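Below is one structure, written out as structure tokens; comments come after it.
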Amino acid sequence: MKPSFIFSAVTAVVLCSLLKSWVSAQVSKACFCELQNLGQAFPSDKLEEILRTSTACTRSATEEQHELTEVETLLDSLHYRLLDLEKDVKDLEEAKDEGMYGIISLRIIEIELNEISDLLIRLNSTTRNHQALTVNLGPQLRNLRTELGKLADFDRMQVVKKEQENKRLKRHLSVCETDLRMTPAPHKDPAPGNCPFGRLLNVTGPTSSMLTEYDSSYPYGAWGKDPKPAPGKESWYWLVVLTSSSCYGSFVRTYTSRSAQIVAQYAGDVIVTSSVTTTNSIMGPGSVMYNNAYYYNCYYSPNVCRFDMETKTITTRALPGAGANGKFPYCHLTACYSCTDIDLSTDESGLWVIYASEENFGNVVLSRLNATSTLDILETWRTSLVKKAVTNAFVACGVLYATRLVNNNYEEIFYSFDTVTGIERGNLSIRFRKPSAYIYSLNYNPRDRNLYAYNDAYIVTYQTVFGLWPHFQT
């Protein structure tokens, strides 16, 4: 008897015969089967080759994504360098700087041109690399698609096709169920601090770095530009050095331009208090300028002081429960920074204060203030970030960012808290280089999107890069 069975990709002919024989008075039965494959063998070696090609394509696509991110970063940096160059050339043409200042201005323009040239070289190199990756990746993907189509011919039972169809139906079902459960959201005005240009992706620079005219005498201080300046003071800079015990100060030094600051030609010293250790004198490096007023931690208290640069008057606001006088300072693993319990910050929506309280177990508290003489607390958020575990913090676009010390050459932004969504993230890894080991003041200016750092008597600027990244989407 010779039965024949036909099934899917393999046609087999099974021949079985029963042989009977008598051995030692016992019956022995044996079954012999012969399997003959009349179909085409599955090309497993081709599948392995496709898997290797797929891995290579994934690696190339990842490299291309990194190249695109670098291109965006370089374009942003080039844009701001060109703006700076345009302003400096305009100032020089209007003969604002004469004599020594004219020489300094020309030197600054020369440095800016060199930086722009370097950026263009890097941009061209990155663009060429991106084009090469694109040229190589296209044919690989097309070949991969062709080979996968050939392998699909071996799916006689259409298992893969049906599985893909099931996945598609499940996706449609999920979307449908979500639409049924969804209710239209009521109209709501954007919350203060909503960022129109995305989240912080990178910090480039330093774009500028120099010691103050005091050299390294005063390692603690703060500096920057007013993000909401008085008319005619759009190009002015300010500097505060803590001249007593790396903790206390009494005046604000102003400069009419960056060129003037470079050659230590200041416009004047605005006296805040008569001495460094009196009521409402300046305490700590966590100060900012906003709308022609200087905001800082009042001497030996948990209060915020507002000094009006025009009228020379001071108003104060107590921060309920805020730790002060070394209770909750910024720290790294081996030391803490003097008088950094209360830190002021600015962003697109105005004025903020960063501190900690016993009620919040020493974790960071963030409050938005009314940047007027009333200094009303408009809103407060409590985070789970231990204040003594960070070296500095600032607010940009309604998001609190915190830094930590990596080593003497690098600082890292590792944490964010979104005041709109309430989401905390501790897995950011935005590193930036610094001239010296410790940054005592770090503040964001929404007018030019720069970070201004006071770094062991160095005054340093960095350019922030914002955008949309899947990593930040919720």
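Things worth noting here:
- Separation of the Val263 and Glu165 label points, Cα + 7 Å toward Cβ, nm: 8.1
- Remark: spin-label model distance Ser384-Asn143 equals 4.9 nm, labels positioned 7 Å along the Cα→Cβ axis.
- Close amide-amide hydrogen proximity is noted between Cys339 and Gly326, each under 5 Å apart and 5 or more residues distant or on a separate chain (H modeled in the peptide plane; Pro and chain starts excluded).
- The mean accessible area for residues of region 256-380, using a 1.4 Å probe and ignoring ligands and nucleic acids, is 38 Å² per residue.
- Overall form of region 199-467: rounded. Here a/c, set by the Cα gyration tensor axes a ≥ b ≥ c, is under 1.5.
- Here the gap between Asn407 and Val420, fully extended at 0.36 nm per residue and compared with their Cα-Cα distance, gives a gain of 1.4 nm.
- Ranking Cys298, Val276, Ile430 by Cα position along the charge dipole of region 199-467, where only Lys, Arg, Asp and Glu carry charges on their C-beta atoms, puts Ile430 farthest toward the positive end.
- One chain, two ends: Lys46 and Thr58. Fully extended at 0.36 nm per residue, the span grows by 2.5 nm beyond their Cα-Cα distance.
- Descending principal axes extents, region 195-337, alpha-carbon based, whole Å: 39, 39, 37
- Relative contact order of region 199-467, pairs being alpha-carbon contacts under 8 Å that are 6 or more residues apart, as %: 21
- Approximate spin-label separation Leu120-Thr279, in nm, with each point projected 7 Å along Cα-to-Cβ: 6.1
- Cut-off under 5 Å, modelled amide H: who pairs with Ala396 long-range: Tyr401
- Cut-off under 5 Å, modelled amide H: who pairs with Leu351 long-range: Leu369, Ala371
- The length gained by stretching the chain between Lys87 and Ala318 to full extension, at 0.36 nm per residue less their Cα-Cα distance, is 79.1 nm.
- Cα-derived Rg over Rh, computed across region 254-379 with Rh taken as Kirkwood radius: 0.99
The values are calculated or read from the model by the stated rules, or taken from the named source; none is laboratory data. Values in this document were obtained by computation on a predicted structure and should not be read as measured data. Note: ideal-geometry Cβ built from the backbone for every residue, glycine included; neighbour counts use all protein chains shown. When the accessible area is computed, the model is the full protein with side chains, heavy atoms only, and any ligands, DNA or RNA have been set aside. Shrake-Rupley method; radii C 1.70, N 1.55, O 1.52, S 1.80 Å.
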